[in-house]
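See structure below.
The values are calculated or read from the model by the stated rules, or taken from the named source; none is laboratory data. Because the structure is predicted, anything quoted here is derived from the model rather than measured. When we count neighbours, we look across all protein chains shown, and the Cβ atoms used for this are built from the backbone with ideal geometry, even at glycine.
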Amino acid sequence: MTLRVVLDANIFVSAVLKPQSDLANIFDLVKEDKIKLILSGDILSEIRAVLLYPKIRKRHRRTLKEIDNFIKRAARISIIAPGKMKVEEVKDDPEDNKYLSAALEMKADFIISGDRHLKNLKIFRGIRILDPSTFLKLIRMQ
């Protein structure tokens, strides 16, 4: 059975900025069909917005068209959650709830995030929330 995983937008951005990093290895697992990526329209919008921040754009030097193509590719290789389920678990940063919603809607096994609001939950309704390096260590042990 292929694991289903929701990735925080910052994981995408970090992988773009550091293509040789552990974060990029997570995308290798997607390409190898070892994990199935779950996204939603809201998550894709956040990824795009963050990649367009001037200070981030200055680092990755991609054009608007390249960013849009990246978003389209990410959507193509993912399961897209409808985004209808509303979750209000994260009070300190309500924007993070979109990850919990997507994970619940599509029955994810993991949420991978470096965000403390999500990581502090540790488990949400049976879905484990891990940072990228812990997730990769776990996958390598299997």
Discussion item. On the basis of being part of a strand (DSSP E or B), touching a Lys or Arg at 6+ places or on another chain (Cβ under 7 Å) and modelled with pLDDT of 90 or more, does Ile79 make the cut?
Written reply: yes
Worksheet item: What are the residues in segment 1-21 that are touching a residue at least 24 places away in the same chain (Cβ under 8 Å) and under 21 Å from Ile127 (Cβ atoms), if any?
Response: Thr2, Leu3, Arg4, Val5, Val6, Leu7, Asp8, Ala9, Asn10, Ile11, Phe12
Discussion item. Tell me yes or no: at least one residue of segment 51-73 is without any contact (Cβ under 8 Å) to a residue 40 or more places away in the chain and within 16 Å of Arg4 (Cβ to Cβ).
Written reply: no
Worksheet entry | Flag if Glu46 is part of a helix (DSSP H, G or I), of a type in the set (D, E, K, R), modelled with pLDDT of 90 or more and more than 15 Å from Tyr99 (Cα to Cα) | no
Discussion item. Can you tell me which residue is nearest to Asn10 (Cα to Cα) among those in segment 82-103 that are within 14 Å of the chain's Cα centre (by Cα) and at pLDDT 90 or above?
Written reply: Tyr99
Discussion item. Please determine whether any residue of segment 31-38 is surrounded by fewer than 20 Cβ atoms within 10 Å (Cβ to Cβ), touching a helix residue (DSSP H, G or I) at 6+ places or on another chain (Cβ under 8 Å) and over 20 Å from Leu104 (Cβ atoms).
Written reply: yes
Response to the item:
Residue count, segment 85-142, condition free of Cβ contacts under 8 Å to residues at least 12 places away in the same chain, assigned to a loop (DSSP other than H, G, I, E, B) and either touching an Asp or Glu at 6+ places or on another chain (Cβ under 8 Å) or on the phi < 0 side of the Ramachandran plot (or both), comes to 4
Worksheet item: Does Ala15 satisfy the criteria of being among the small types (Gly, Ala, Ser), at pLDDT 90 or above, buried (at least 19 other Cβ atoms within 10 Å of the Cβ) and closer than 21 Å to Ala103 by Cα?
Response: no
